[in-house]
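Structure, as structure tokens:
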Amino acid sequence: MNTSSISTPPIRHKRQITGISAILLPFKAGVDWKGFEAHTRRTKKCGLMPAINMDTGYANLIGPAVREEALSRASSIAGEHGFVAGAFIGDKPGDRWDPRKYEKQVKLITRYGGVPVIFQSYGLIHQTGKAIVSAYRQIADMCDSFIGFELGKMFMPFGTIYDADTFRGIMQIKQCIGCKHSSLRRESEWERLAIRDRERPDFKVFTGNDLAVDMVMYGSDYLLGLSTFAPDAFALRDSYWKCGDNRFYELNDVLQYLGFFSFRAPVPAYKHSAAQFLKLRGWIESNNTHPRARKRPASDIPILAGILSMLEEKMS
């Protein structure tokens, strides 16, 4: 389908929005577990579901010990079915689809009570559409429920955005309760919403478009990295939408300004922006990031401080 021909969907006023927020894994000299726990707890208290070991948790950079420690700590805070977590396998270009690697990660997440979010991999995406759907059916046999994930290459080189038929096939798997869509393109997401509305209305399309956080107005829910900067602001914005309060729009505008600034190229450096912002808020002790992650300049900090002042004004 030519996405440029897709009609803008109707605005869905006064809708209950489901918000999932990807938790930043903070660093000092090493992982700041105290900061991680506090932020997970804070996010849960705001009414958003924490997402652990996602891109914001450096899923492609952390090792097995850190991955499991994050799951254990999140489980003690959020409880069973109270959080989602990335199932990341880290294969290499040219590798074949290997369901055993996914099963190991899926079982690990479900053992701690989380719902798996299935990261793509080279072996998964380098198949035909029908084979990709078959692979997700194999994953469905490993757990009671999971969330799919389409990831644009601006985030990770092993990501891809599926064609409409492949998306439809995945959506028809009953254990797949939703799919995070991170193309950063409105038209692709609108297409998925239209398919969802026609064929499976209970299915969640979780926007991962940090450059268009107003996608919730059209029927998307969200699983965002941007919301880790301000889960309290996102929760307030969502409550405004449910109540039909026009303060939604100005608060959303400031959040979008934060998204435009933080998710500029190189996009993966947004995680350092998040650390800078959370330190400005006094929520973590250091704005360090993973040693191998992309960095932002210190000159960003005054700009982020200005956005924070705007955000606090809209929330007061």
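The values are calculated or read from the model by the stated rules, or taken from the named source; none is laboratory data. Remember, it's a predicted structure, so these values are computed and weren't measured experimentally. Reconstructed Cβ throughout: ideal geometry from the backbone, glycine too, with neighbour counts over all protein chains shown. Areas reflect the complete protein model, heavy atoms only, side chains present, ligands, DNA and RNA absent. Shrake-Rupley method; radii C 1.70, N 1.55, O 1.52, S 1.80 Å.
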task: Assess whether Tyr136 counts as being farther than 14 Å from Asp55 by Cβ, aromatic (Phe, Trp, Tyr), touching a residue at least 12 places away in the same chain (Cβ under 8 Å) and open to solvent by 10 Å² or more (accessible area, probe 1.4 Å).
output: no
field: Hits in segment 14-46 - residues which are surrounded by fewer than 22 Cβ atoms within 10 Å (Cβ to Cβ) and part of a helix (DSSP H, G or I)
entry: Trp33, Lys34, Gly35, Glu37, Ala38, Arg41, Arg42, Lys44, Lys45, Cys46
message: Show me the strands (runs of 3 or more DSSP E) found entirely inside segment 47-120 where at least 1 residues are touching a Pro at 6+ places or on another chain (Cβ under 8 Å), over 16 Å from Trp33 (Cβ atoms) and free of Cβ contacts under 8 Å to residues at least 60 places away in the same chain.
response: 84-87
field: Criterion: in contact (Cβ under 8 Å) with a residue 24 or more places away in the chain, within 28 Å of Gly148 (Cβ to Cβ), open to solvent by 10 Å² or more (accessible area, probe 1.4 Å) and under 18 Å from the mean Cα position of the chain (by Cα) - qualifying residue of Asp238, Asp210, Asp221
entry: Asp238
message: Looking only at segment 285-294, count every residue that is over 21 Å from Gly63 (Cβ atoms) and surrounded by fewer than 16 Cβ atoms within 10 Å (Cβ to Cβ) and tell me the total.
response: 1
- prompt: In this structure, is Cys179 without any contact (Cβ under 8 Å) to a residue 60 or more places away in the chain, touching a helix residue (DSSP H, G or I) at 6+ places or on another chain (Cβ under 9 Å) and crowded, with 22+ Cβ neighbours inside 10 Å?
  reply: yes
message: If I filter segment 184-195 down to residues being open to solvent by less than 10 Å² (accessible area, probe 1.4 Å) and either part of a loop (DSSP other than H, G, I, E, B) or out of contact with any Lys or Arg (no Cβ under 7 Å at 6 or more places or on another chain) (or both), which single residue comes out as farthest from Asn252 (Cα to Cα)?
response: Arg192
task: Please find, within segment 270-284, the residue that is surrounded by the fewest Cβ atoms within 10 Å (Cβ to Cβ) out of those that are among the hydrophobic types (A, V, I, L, M, F, W, C) and part of a helix (DSSP H, G or I).
output: Leu280
